[in-house]
Amino acid sequence: MRAIVGNTMVPTIRLTVPGTLRYRAIAVRVVGEACRLVSSSTQRDPDDPVVHDVRDPFDTAVISAFMEIFNNIAIHAYKRTGGGVIDLAITPTERELVIEVRDHGHPFDLDDVTPLPNELDEDSLPEGGMGIHIAKTMLDEMTYEPGPPNLWRLRKRLSANQAAGARRS
């Protein structure tokens, strides 16, 4: 399947994995490689023991946000039972990456996520519930539509400086 961006057809990468933390690394690896298609971050020698290490700021932001959403689905939507799948549709373009994440687990109300206090310090940080805040901070856009299927849309754009660097690569 392909998405239409402007007047250009862009291929969409699809992946379905079981909705458990055990399969998170596989999904993260695919997302990381899709990030590299956008950011043009350096590909290293495949024999390098840290070949899949993520160092580019674009890649790091997307992967961090994606991991938080994946964790929430596996832990909360599927209640750690692995009773479903997580479907990914990843669309890399020249200047942005869009990831759609679908699951058939328990929906939740995004508005119920406790807002962060205005003044953050060690004592005011909540014990849990930081994943949504991390994802929102790392991405340009994040939306959630409760289902089932539940649908997350994650979007990250290259900054003008990052895009200029990617074109030179």
Give the residues of the stretch 62-87 that are under 19 Å from Ala34 (Cα atoms), surrounded by fewer than 20 Cβ atoms within 10 Å (Cβ to Cβ) and small (Gly, Ala, Ser), sorted by residue number. Ser64
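If you scan the stretch 135-164, which residues turn out to be assigned to a loop (DSSP other than H, G, I, E, B), within 21 Å of Thr93 (Cα to Cα) and of a type outside the set (D, E, K, R)?
Leu139, Leu158, Ser159
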Within the stretch 93-107, of all residues that are within 21 Å of Ser41 (Cβ to Cβ) and modelled with pLDDT of 95 or more, the one surrounded by the fewest Cβ atoms within 10 Å (Cβ to Cβ) is Glu96
Just to be sure I understand, how many residues within the stretch 115-153 are of a type in the set (S, T, N, Q), touching a helix residue (DSSP H, G or I) at 6+ places or on another chain (Cβ under 9 Å) and modelled with pLDDT under 95? 1
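The values are calculated or read from the model by the stated rules, or taken from the named source; none is laboratory data. Quick caveat: nothing in here was measured; it's all calculated off a predicted structure. Every residue, glycine among them, receives a Cβ derived from its backbone with ideal geometry; neighbour counts consider all protein chains shown.
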